[in-house]
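The block underneath contains the structure these notes are about, expressed in C-alpha cells.
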Amino acid sequence: MEDLSVLERELESADLDSRSLGQKAKDLYFKPKAVEKWKNGRIYEWLGVKKFKKLCEYVGHKVGKDNTFENNYFIWDRSPEGLKSFEKKTRFNEAVHSVGTVVPAMCFTPEWIDGDLFSVYVGGVLTAINAYSLLLQRYNRTRIENILDKMESRYVSAPSQK
C-alpha cells in the first residue's frame, strides 16, 4: 500500500516537471500567497471584499439575475472536483477583471491630465469595480484552496480500512 502512494507521488512530481515555463509562471501567480491564506483570507475581509460580494449579489437579484443556472460566480458542485473546476473559473474571471482594471485606468489618465473630472470619475469607478472583482476572485480562490487542503488532509489522515 505504501509503495502505491510513493508511486503516485513520483508520477505527480513528474507531471509537474513536464509543465511549460508559462504554465509554471501562471500557477505561481494564481497560487494564493501566505498573506492571502492567513486566517482564511482575512486580509480581503479587511479590504471590504465580503461587503462588495454582498453588494454584487444584491444588485444581481435586483436586476433579475437569479442564480438558476451554473455560472462562474457561484459554486454549484461542492465535491473536490467541482471546487477544482470552480477554482479554474476564478482564474479566468480574474484575468478578465485585471484587463478591466488596467484599461480604464490607462484610458482615463489623459482626461485627468486635461482636467476632465467627469471622465476621471467614470474611469475611477470602473477601475475600482474591476479591482474589487479581481480581489473577490483571489479571495474565493484562497478559500477554495484552504477547503481542498482540509479535505485532502482528512483523506490522508483517515485510517485505512482492511
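Here are some notes:
- Test: residue in the range 77-86 that is surrounded by 15 or more Cβ atoms within 10 Å (Cβ to Cβ), of a type in the set (A, V, I, L, M, F, W, C) and modelled with pLDDT of 80 or more: yes
- Given (1) exposed (fewer than 14 other Cβ atoms within 10 Å of the Cβ); (2) under 29 Å from Lys150 (Cβ atoms); (3) among the hydroxyl-bearing types (Ser, Thr, Tyr); (4) modelled with pLDDT under 85, index of the condition Thr68 fails: (2)
- Every residue from the range 88-110 that is under 27 Å from Ile75 (Cβ atoms), free of Cβ contacts under 8 Å to residues at least 40 places away in the same chain and surrounded by 16 or more Cβ atoms within 10 Å (Cβ to Cβ): Lys89, Gly100, Thr101
- Close Cβ contacts (under 9 Å, 6 or more residues apart or on different chains) running from residues in the range 111-129 that are assigned to a helix (DSSP H, G or I) to residues that are polar (S, T, N, Q) comprise Glu111/Ser119; Trp112/Ser119; Val120/Thr109; Gly123/Thr109; Leu126/Thr101; Thr127/Thr101; Ala128/Thr101; Ile129/Thr101.
- Scan of the range 118-150 for residues that are among the aliphatic types (A, V, I, L, M) and at pLDDT 85 or above, ordered by number: Val122, Val125, Leu126, Ala128, Ile129, Ala131, Leu134, Leu135, Leu136, Ile144, Ile147, Leu148
The values are calculated or read from the model by the stated rules, or taken from the named source; none is laboratory data. On a predicted model such as this, the values are computed, not experimentally measured, just so you know. Glycine gets a Cβ as well: all are built from the backbone with ideal geometry, and neighbour counts include every protein chain shown.
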